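Below is one structure; the comments refer to it alone.
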Amino acid sequence: MFKLLRQSPISARFGMIMIVLTLILAIFAPLIAPYEETKVVGDVWEEFSSKFYLGTDHIGRDLFTRMVYGARNTIALAFFTTAMSFSLGVLFGFLAASVGGWLEQILSRVFDILMAFPTLIFCLMILSIVGASIPNLIITVAILDSTRVYRLARAVAMDIAVMEFVEAARLRGEGNWWIMRHELLPNALPPLVAEFGLRFCFVFLFIASLSFLGLGIQPPTADWGGMVRENAGAITFGIYTPLFPAGAIAFLTVGVNLVVDWFLHIASRLED
Amino acid sequence: MILKRTGASVITVFIISLIIFIGVEVLPGDVAETVLGQSATPETVAAFRRELKLDLPPATRYIAWLKAFVQGDFGNSLANSRPVAQQITWRFANTLFLAATSIAIAVPVAVLLGILAALYRNTFFDKAISAITLSFISFPEFFIAYILIGIFSVKYNIFPSLASIDQSMSLGAKLYTILLPALTLTSIVTAHIMRQTRAAIINVLASAYIEMAELKGLRRLRIIALHAFPNSLSPVINVIAVNMAYLVVGVVIVEVVFVYPGLGQLLVDAVSKRDFPVVQASGLIFAITYIFLNLFADVMSMLANPKLRKTQV
């Protein structure tokens, strides 16, 4: 593990530093933030000062505090959604690959149709019907995103399912579930880990966009996408407040992308 | 072959129209009650249901809805009871206008940059372009949008920060107004197309006939322009068409940032107002455009690359 880290290219190290920084902010949010999450402490859109490191937002809450708590809420939500989308996608993908037959046909057709629909539009429509709340948001985004995971998981598992050791396990009389857990999962892990990073980026951006459109996390809870929306009016007065949460979103995605690039590189080297 | 692929798309569109329809069907409670609110009397609810033809069985209503949709009648908006079609046509034209402008800027720039990056690969120029495009892909659309607003409309005051256009404006004035949103979209699309072009050309550069051309002593630029580029057209055309599909959908956020009167903005508004006829109609239009642009992408790459015609879809 450490050996691998030492061999990492500079870009991946930058990425890791960026991720760790954001995670520290997110985990120790209550210790770092100087004020309370939703407390109004100053005037509207105050400038930077030693009292308010990044100024204040559209109703006078400390922006730095909101950023720190926003990191926590935004990342936790995106991570949870990705984890769920991943479990769904991998489960169905492995099922399709190991059972095959009509189950695979049905699953593939269903996911094809879901993929043919533009994700953002689909999500907007579903949320308009079921109403925008956190559980609805998580489930909707997770299901829509799991289609991409399914594609990859199925393709990778199909390659493994024809190997001799899977054949051997089948002849031993192991069930599908055992084969999925003990043969498919460990062997499919490297590409799946890289995919997890990619999916996280995508889900993270996607939820930020939804929040920006006013359909994600509802105020007064701090989250980066929503904070951009709340402060959007400031930009026309030459106040750069909305750029901080937007920049933070960009910062984390770039960080994750840099690390994922390195993972993909390792995964492709393993195949050779 | 192409017919088969087209048929698959048509079936997908049908299934999606069904999903959209059922989606509103399974709405907890009833559309009539949701819209009229708690205080509505049973009589008003019943009258409203009759007006929306909610009292008919779902299958009949689905066919009627689909038939009306094909004929361009999308029903009336719940919010202001104006015909939906009226609002949508103009806005959809605006959305297409914005997307078309962006793609018109993006394609030449992206292909040129991609060729240059492939030509000078592994030099500083190539790495700089790769880094910049990778970060553009990672940025959320609104981040780029606000940076552009910050620079061009606040600091230098050259371009307006709100892209509100109306029918009476001339084409030049319209283009000037939508330049910032178009640039936002362009920067993202350019990044995607450029990366794909570079990868495709580098892929082709590894083949034997390029080596042959090199051994003949041809100049590198000539090799790339005449030998490598035509053979990498198929993936490039494909990525361009896929990006057009992305654009039509990706405009939603950019439209909201710049308050541009496009279909995306209408959809977001309708979603928050729970104006279902508008949501249904604009969602379906988006879906159809998206699916057919993807179909177009596949057909184009089949035409550009004869090898693809033999494989099964």
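Computed from the coordinates by the stated procedures, all read-outs in this text should not be read as laboratory data. Since we're looking at a predicted model, the values are computed, not measured. Don't worry about glycine lacking a Cβ; one is built from the backbone with ideal geometry, like all the others, and counts go over all protein chains shown.
Count neighbours as other Cβ atoms within 10 Å of each site's Cβ, and list the trypsin sites (Lys or Arg not before Pro) in the stretch A:172-232 that are DSSP loop with at most 16 such neighbours. Please list the in-between numbers first.
Working: sites: A:172, A:181, A:199, A:229; in loops: A:172.
Loop-located and lightly packed - A:172.
At a temperature of 20 °C and a viscosity of 1.002 mPa s, determine how fast the stretch B:235-296 diffuses translationally according to Stokes-Einstein, using the Kirkwood radius over alpha-carbon pairs as Rh; express D in µm²/s, rounded to the nearest whole number. Don't skip to the answer; put the middle values down first.
Details: Rh = 12.2 Å.
D, rounded to a whole number, is 175 µm²/s.
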Study note, to complete from the structure: Sorted largest first, the C-alpha extents of the stretch A:71-268 along its principal axes in whole angstrom are 71, 39, 25
Point to revise | Inter-site label distance for residue B:156 and residue A:79 at 7 Å from Cα along Cβ, in nm | key: 4.2
Review point. Zone of residue A:21 (label point 7 Å along Cα→Cβ, backbone N under 11 Å): which residues in the stretch A:209-248?
Key: A:248
Practice item. Evaluate E = 1/(1 + (r/R0)^6) for residue A:172 and residue B:173, where r is the Cβ-Cβ distance and R0 equals 60 Å; express this FRET efficiency to the nearest 0.05. Key: 0.20
Review point. Under a plain spin-label model, where a point goes 7 Å from the Cα along Cα-to-Cβ, how far apart in nm are residue A:164 and residue B:273?
Key: 6.8
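If you take the beta carbon distance between residue B:303 and residue A:32 as r and set R0 to 60 Å, what does 1/(1 + (r/R0)^6) give as a FRET efficiency, to the nearest 0.05?
Details: r = 57 Å, r/R0 = 0.96.
For residue B:303 and residue A:32, the calculated efficiency is 0.55.
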Exercise for review: Set the Förster radius R0 to 60 Å, insert the Cβ-Cβ distance between residue B:208 and residue B:85 as r into 1/(1 + (r/R0)^6), and round the FRET efficiency to 0.05.
Suggested key: 0.60
**Study point:** Listed residues B:243, B:257, B:192: farthest to the positive end of the dipole of the stretch B:182-282 (Cβ charges)
**Key:** B:192
Revision key, fill the gap. Taking a crude spin-label model, label points 7 Å out from Cα along the C-beta direction, the residue B:121 to residue B:109 distance in nm is 2.4
